[in-house]
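Report on the structure given below.
Please treat every number below as a calculation from the coordinates, not as lab data. No experiment lies behind these values; they were computed from the predicted model shown. Neighbour counts are summed over all protein chains in view; Cβ atoms, including those assigned to glycine, are modelled from backbone coordinates with ideal geometry.
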Amino acid sequence: MQMYPEQIAKALINEFFHSRRLVVLIFVVVNAALLVAGLQWPKIYTSSTSILVDEKNIIQPLMAGAAVATDATDRSKNAREVIFGRKIMDRILDHAGWLNSQPAAEEQERIIEGIKGRTTIGTVGRNIIRIEYRDDEPERAFRVTEKFAELFIQESIAAKAAESGAAFNFIEDQTQEYHDKLTRTEQELKELRSASVDARSGSDVEVNTRLSALYARIESASQELREAEVKGALLERQVSGEAETTAALTLEGNYRARIGELQSKLDTLRLSYHDTHPDIVQIKQQIQNLTDGINAQRVRREQTKKSGGVELDEAAVNNPIYQQLRRELSQNQGMIDALKARIEEAQRQLQNEVSRGKRMHSGDARLAELTRDYQINRDIYQDLLRRRENARVSRNMDRDRQGLSFKIQEPATLPVAPTGPRFWHFVLGGLLLGILIPLGLLYARLQLDPRIRSGNAISGAHKVPIVAIVPHLWTPRGLRGLRWELALLTLAVGATLTMSVILTFLRMTKVV
């Protein structure tokens, strides 16, 4: 059944009057319950402090690229883990006096869990860490909060110094390790190069070039030797034929002429070569042969004379054609001997180069491996040297507190008033709830109870006019009882209000 607001108000007033005892009872009970709750509600004192993480100072731009500062964001995120660590919590227990009674390990764990539950750690903005602690004793709340900030800064600075120190020590160890590797590689390269002089970069190209040149020299000298041998055979035949026709020539005279020519050639060669040169040696040998030939000719001539034989005379020997052929034959023979000596020397050099190439290739793989290791270790070592110096600067900055620093932005203060709900909050809540709860119950009753409480409801439901409404008539005795009842109920409400005012005053004056 739909009712207008004024009808609802009149119905609530009627219901309030008819249920006056229940309404007053609820009012008194609710106020009494909240007064008791307010009296028993513990006093909570809160102390807080703020720590500024200063990651930008005057030295940072000066050391940019040479040192690495600790990230402030990571520190603020790890503040809870640092503060709630066992090391700090044990010092907090001792500092706040919880260990004076020597509690057992289980009791200490319970106290620590309670401290963690009453501690709030968060960030304000990007660089401020806020620590807040609640306790029922203001002095202890202040001391614990102050100690939290102090220990957090100490542990953070110590952690920063330990981190930079550990990084420096690690890089120092790596630098020394690669220095030892570099030294060993240099020693191995030195030993390898000492054992094999040819073990150097580009030796294989040089050996191949020399081998090709020697092969070409041998091939060219061999071709010249074959040509000289053919020419020598032809000259020998020509000399034999000419000797038969020039028997009148004097052989000794030709020898002497040849010796003169060879001596002149020898003098010319001595201007450019040593006596050990193959051509000089060959010419000297030819001169000696010619000299021996002269002597032999003289001996044969004497023997021929003694035996009565025939010998070519000097005119036959001194025939110009015969001498020219002998000269060419001698020169050709000298060329043949020189070419043979040259081929033998080239073959000897070829064998040396082949042996050298074998030795070089046997150590070439090891040389390449050592060279590669040396270059890699040298690059890594130089990079580690730079990193070590950067780590040294970072360590010195953390040790002197020139990098990332922590400052107390807002120090902890001794709380003078408890936080949370006050006693007057409970009093005011009791008054409001003492009124709103009965009104809510009465309104719910109006919505759920189907009884008719207004004449308009009858006319609206049955479409008939209402002639009159007969009100409730009180007898004199009933009226007197109503008055006494209203007085008692008013007295109960007044007593409740008075008690609330008195307790509020006593609480404000800290009597209770």
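One table, with the values for the structure above:
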read-out	value
Full-extension gain in nm, LYS358 to GLU172, via 0.36 nm per residue minus C-alpha separation	62.6 nm
Extension gain from SER222 to GLN285, taking 0.36 nm per residue of separation minus the Cα-Cα distance	20.4 nm
Residue pairs, from the table LYS116/LYS160; LYS181/LYS358; LYS43/LYS116; LYS147/LYS407; LYS87/LYS407; LYS231/LYS284, whose Cα atoms sit over 20 Å apart	LYS116/LYS160; LYS181/LYS358; LYS87/LYS407; LYS231/LYS284
ARG392-ARG91 pseudo-label distance in nm [points 7 Å out on the Cα-to-Cβ vector]	3.2
Rough spin-label spacing in nm, given labels placed 7 Å along Cα→Cβ, for GLU345 and GLU81	8.2
The stretch 89-238 pair-distance distribution - Cα-Cα, 10 Å bins, rounded %	8, 16, 13, 10, 8, 7, 7, 8, 6, 5, 4, 4, 3, 1, 0
Simple label model, 7 Å out from Cα along Cβ direction - PHE505 to GLU137, nm	3.4
Cβ crowding within 10 Å averaged over residues, with 24-35, 118-129 ranked highest first	24-35, 118-129
